[in-house]
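Q: Can you keep this structure in mind? I'll have questions shortly.
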Amino acid sequence: MNREAGAGAGAGAGAGAVVLRRARAADARAAADVWLRSFAAALPTVVRPRSDTEVRAYFRHVVVERYETWVAEEADGAVAGVMVLEGEELSQLYLAPERRGCGIGDRFVALAKERRAAGLSLWTFQVNAPARRFYERHGFTPVEWTDGDRNEEREPDVRYRWRP
């Protein structure tokens, strides 16, 4: 459950109204719902091995509690995106489908690079061409291609790395 799906493309209008902040326990459900909606929109051919209930429990008991989790919060309090850093890995970056292309993903990547100035790595599915273009535009380079035998979805993926 750590392949990037909803990375936004480009910086458009509306990103300024969004605040990036550390997630709190109360954000877990909304962050999981963004993940679920983003995954469904960006990766319709990828089979999820976990139910919606399991994904929400994972966010509640693992992601928000154990990892450096950030949310993009709209002016009305709605969560428009989620980013998770695990060590030097950008393990999650998902945006609400209607908020893609608004610059939120760009802001999350800038924040990740600031928080991990020595470098970052991440995985994304090979079929996710928009995410791959997004990360390459942000200076990430592919360093490993797999047949998916090491991820839960059994989907071919690619590891990216960014070094300053």
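Read the figures in this text as sums done on the coordinates, not as results from a lab. Everything numeric here is computed off the predicted structure, so don't read it as measured data. Reconstructed Cβ throughout: ideal geometry from the backbone, glycine too, with neighbour counts over all protein chains shown.
Q: Scan Gly148, Gly119 and give me the residue that is closer than 21 Å to Val55 by Cα and more than 15 Å from the chain's Cα centre (by Cα). Steps first, answer last, please.
A: Working: Gly119 fails: closer than 21 Å to Val55 by Cα.
It is Gly148.
Q: Next up: Does Val71 satisfy being in a strand (DSSP E or B) and touching a strand residue (DSSP E or B) at 6+ places or on another chain (Cβ under 9 Å)?
A: On the way: in a strand (DSSP E or B): yes; touching a strand residue (DSSP E or B) at 6+ places or on another chain (Cβ under 9 Å): yes.
For Val71, the condition - in a strand (DSSP E or B) and touching a strand residue (DSSP E or B) at 6+ places or on another chain (Cβ under 9 Å) - is met.
Q: A further question follows. Could you please let me know if Tyr58 is in a helix (DSSP H, G or I) and surrounded by 14 or more Cβ atoms within 10 Å (Cβ to Cβ)? Full working, then the answer.
A: On the way: in a helix (DSSP H, G or I): yes; surrounded by 14 or more Cβ atoms within 10 Å (Cβ to Cβ): yes.
In short, yes.
Q: With the requirement that a residue be on the phi < 0 side of the Ramachandran plot and either small (Gly, Ala, Ser) or in a helix (DSSP H, G or I) (or both), what does segment 97-111 give you?
A: Quick first cut of segment 97-111, residues on the phi < 0 side of the Ramachandran plot only: 97-100, 102, 104-111.
Matches in segment 97-111: Pro97, Glu98, Arg99, Ile104, Gly105, Asp106, Arg107, Phe108, Val109, Ala110, Leu111.
Q: Being surrounded by fewer than 14 Cβ atoms within 10 Å (Cβ to Cβ) and more than 22 Å from Arg100 (Cα to Cα) is the filter here; which residues of segment 116-140 pass it? I'd like the intermediate steps shown before the answer.
A: Taking segment 116-140 first, the residues surrounded by fewer than 14 Cβ atoms within 10 Å (Cβ to Cβ) are 117-119, 129, 133, 136-137.
Across segment 116-140, the qualifying residues are Ala117, Ala118, Gly119.
Q: Cβ-Cβ under 7 Å, sequence separation 6+ or interchain: first residue in segment 74-97 and more than 26 Å from Ala117 (Cα to Cα), partner among the hydrophobic types (A, V, I, L, M, F, W, C) and assigned to a loop (DSSP other than H, G, I, E, B). Which pairs?
A: Glu74/Val18
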